[in-house]
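Asks: Submitted below is the structure of interest, expressed as structure tokens.
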Amino acid sequence: MAVIRWYERPALPRSLDVMGQLKKEMDRLFTDFSGRTASPHRAGVFPPINVSEDSENLYVSSELPGIEPDDIDISVEGETLMLRGERKLPEAGEGVNYHRREREAGRFRRIITLPARINPDGVDAIFKNGVLKIVLPKAVEDRAKQVKVKVQ
Amino acid sequence: MAEKDLEAKEKMELQTTAESTRDVPSYIPAVDIYESPEALTLVADMPGVGPDNVAIDVHDNHLTLRGTVTIEGEKERVLLQEYGVGDYSREFTLGRAIDQTKIEASIKHGVLTLTLPKAEAKKPRKISVKTG
């Protein structure tokens, strides 16, 4: 539940669209983990994440292009996952002239409350082509159990 | 520079009238472009794209970058989606003559680096002025 973030809000309402504001607030309150999002997410905290699950694991994915795996720090404590790191961009060198500069360097830190209990010993992280995928095995008691129907 | 905190930017989806043959969205990769006396270098963020899934095409003064992403985890149930996964596509018009035989490309951790050496004739030549 707590993965929902508090989106940036202007200090003062930009318009007098009170009903619109109210609707946004309500949409935010009713966004939950079932995937029902009333409005598309506008991410403010880096990095944006995608969370998914299957019967055994939770998966947290994030796009971290150009970040060295050694500069990514992942820690799990209880139901909290922390993702921290720094994106360093190599210097282009002396005497170059930039035409476009859209990529940015900097530090990041994000704390995610997981929607299920997990087994911290089995957590695995895979970094492939700049995409990080963290595999968090669900605690045995949180796994969905298959119940067989007996025929009498 | 290193003291800065990163902020998330929404991925820009490519708006085009041409229909894609692939049923995935296309995004515009963020790029840096810089010029040295010898070459033009383009650096593009394409997370999820590996060396075999990049297509670079230079035609006259038109440069096209395309990266395709393999969509994984389709059997998983989505709980939260803050970013979209899809291909990358971006086109540029090159303002200078490029030596097309010497273009080099590499990709690492989802970042494509493209070095486009300038054609010999276009390199700045220093002309010394003699006094008569």
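The values are calculated or read from the model by the stated rules, or taken from the named source; none is laboratory data. Because the structure is predicted, anything quoted here is derived from the model rather than measured. We place every Cβ from the backbone using ideal geometry, glycine too, and count neighbours over all the protein chains shown.
Asks: Any residue in region A:89-101 that is among the hydrophobic types (A, V, I, L, M, F, W, C) and in contact with a strand residue (DSSP E or B) (Cβ under 6 Å, 6 or more places away or on another chain)?
Replies: Yes, region A:89-101 contains a residue that is among the hydrophobic types (A, V, I, L, M, F, W, C) and in contact with a strand residue (DSSP E or B) (Cβ under 6 Å, 6 or more places away or on another chain).
Asks: Please determine, by comparing only the residues of region A:133-152 that are among the hydrophobic types (A, V, I, L, M, F, W, C) and under 18 Å from A:ASP54 (Cα atoms), which one is modelled with the lowest pLDDT.
Replies: Per the stated criteria, the residue is A:ALA144.
Condition check ((1) more than 10 Å from every other protein chain (Cβ to nearest Cβ); (2) surrounded by fewer than 16 Cβ atoms within 10 Å (Cβ to Cβ); (3) under 17 Å from the mean Cα position of the chain (by Cα)) across all residues:
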| position | (1), (2), (3) |
| --- | --- |
| A:ASP71 | yes, yes, no |
| A:MET82 | yes, yes, yes |
| A:ALA92 | no, no, no |
| A:ASN97 | no, yes, no |
| A:GLU102 | no, yes, no |
| A:ILE112 | no, no, yes |
| A:PRO115 | no, no, yes |
| A:PRO120 | yes, yes, no |
| A:LEU132 | no, no, yes |
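Asks: Filter region A:135-147 down to the residues that are over 25 Å from B:ASP52 (Cβ atoms) and of a type in the set (A, V, I, L, M), then identify the one that is surrounded by the most Cβ atoms within 10 Å (Cβ to Cβ).
Replies: Residue satisfying both the conditions and the ranking: A:LEU136.
Asks: Within region B:52-69, can you find the residues that are over 13 Å from the mean Cα position of the chain (by Cα), in a loop (DSSP other than H, G, I, E, B) and modelled with pLDDT of 90 or more?
Replies: B:VAL69
Asks: Can you name the residue in region B:1-51 that is at the interface with chain A (Cβ under 8 Å from one of its Cβ atoms), part of a loop (DSSP other than H, G, I, E, B) and touching a Pro at 6+ places or on another chain (Cβ under 7 Å) and, of all such residues, is surrounded by the most Cβ atoms within 10 Å (Cβ to Cβ)?
Replies: Out of the qualifying residues, it is B:MET46.
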